[in-house]
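To start, the structure itself, in structure tokens.
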Amino acid sequence: MTALFRIVTAELPRFPELGRMQFQLGKLPYFTSVQHYLEAEHEAGNADVPDAASAANQFLGMIANYVLWPRMLLTDWNPAASDVHDAVEQAVQTMLARCAPARRPDPKRTNS
């Protein structure tokens, strides 16, 4: 995928439709999936995500900054699977801290 992405990037000035196609078939489905997941969690009251598009961009950006972009620019970038896992886990932890819903009262407790 890295080699394909580099070729598409290099050929964008001559073939802009390649970039649109790669975006629509490559990045957009992942983004849409994360956005819909965050919207569903917000609707269910499990997360406070009033702007799911922005939150999805931030989440995927945290991961791409470690996993994708160095690979695009450094031919010898080859992080260990455990480092990739850690980067994703840290992004998840950041999102959980950001999107934690306000505490709801415990329905089993009463103030009587």
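Once the Cα atoms of the chain are picked out, what are the Rg and Dmax in Å?
Taking only Cα atoms of the chain, I get Rg and Dmax of 18.8, 72 Å.
Enumerate by residue number the trypsin sites (Lys or Arg not before Pro) in the stretch 17-107 meeting two conditions: DSSP loop (anything except H, G, I, E, B), and at most 16 other Cβ atoms within 10 Å of the site's Cβ.
Of the trypsin sites (Lys or Arg not before Pro), the ones in loops of the stretch 17-107 whose Cβ has at most 16 other Cβ atoms within 10 Å are 103.
Can you list which of the DSSP-assigned H helices in the chain have a Cα extent of 20 Å or more along the long axis and an average Kyte-Doolittle score of at least 0.5?
Going by DSSP H runs, the hits are 52-67.
So what's the back-of-envelope 222 nm ellipticity for the chain, counting only DSSP H runs of four-plus at -39500 (n - 2.57) apiece and dividing by all residues, rounded to 500?
Counting only the DSSP helices, I get -20500 deg cm²/dmol.
For each of 86, 76, count neighbouring Cβ atoms within 10 Å of the residue's Cβ, then give the residues from fewest to most.
If I rank by nearby Cβ atoms, fewest first, I get 76, 86.
Here, each number is a calculation from the coordinates, and none is a lab measurement. Keep in mind that what you see is a predicted model, and the values were worked out from it rather than measured. No Cβ is skipped: glycine too gets one built from the backbone with ideal geometry, and neighbour counts run over all protein chains shown.
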